[in-house]
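Participant: Quick one: structure below, then a few questions.
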Amino acid sequence: MIEAGLKGSLVDNKLFFCVAGYNWRQSAYNTREDAVEDLEGRGIEVETTYAPTKNLSVIASFNYQKVTLEQGAGFRAAGLSEQDWALNGGTLPNNFSGVGVSNGGTAGNNPDREYPGTPQKQAKLFAIYTFDSGLGFSGGPIWSDSYWHNYDRTIKLPSTIVVNLSAFYKQPTWDLTVSVENATNEDYFTGSDPIFGAGTIITKAPEVNFKVSFAYRF
């Protein structure tokens, strides 16, 4: 992995920022083919923290990452209709049309073999305010760009904004926190690992839900 970045502070050490770019290579194990796949990732990260007072902090970040498969996509399940499944007997095509293969073969819809299943761009905003009494509130939105869910680019998931909120009360020996995940009840989905499903499995993300936690230190 190669990474280079810049960190600094401004506004009397109340504003902190970090900018970094990176390039990495690693391997992933394909359990279906019993083989190792080589991946390459390139991306940038930008993060800033603003703390104008001892009670308030605001954190914002932006990430971009493009991951590519460095060889053919191999043996995977393609997204088929009910009629296609019947005609093909449920077989799992090898190097199906949209991906392209090593040693020649069609490029299809994804000639660079970009790794699917997660958004390439994501931005986050998080704020936390704590009163001197120990009562506090925190939360913010997470924006995820739309992304392709499978290698042959027939399934695309839309962009989303998910808001998480919490209220807490902290004392020297105990904490009480009430949190709300997906407070706006955003209708969104999470992708599957393309090594296994290749776009055949899409999971519905949780709707709005509440959690209460209590911690005691001794």
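Participant: Please give the Cα centre distance for the range 148-171 versus the range 5-29, rounded to the nearest Å.
Facilitator: Going from one Cα centre to the other spans 22 Å.
Participant: Here is a follow-up. Going by how many other Cβ atoms sit within 10 Å of their own, how do 57, 133 line up, fewest first?
Facilitator: Going from least to most buried by this count: 133, 57.
Participant: For each of 153, 25, count neighbouring Cβ atoms within 10 Å of the residue's Cβ, then give the residues from fewest to most.
Facilitator: Taking fewest neighbouring Cβ atoms as first place, the list is 25, 153.
Every number here is computed from the coordinates shown, using simple stated rules; none is lab data. Only a predicted model underlies this, so the values are computations on that prediction, with no experimental measurement involved. Here Cβ is always computed from backbone atoms with ideal geometry, including for glycine, and neighbour counts include all displayed protein chains.
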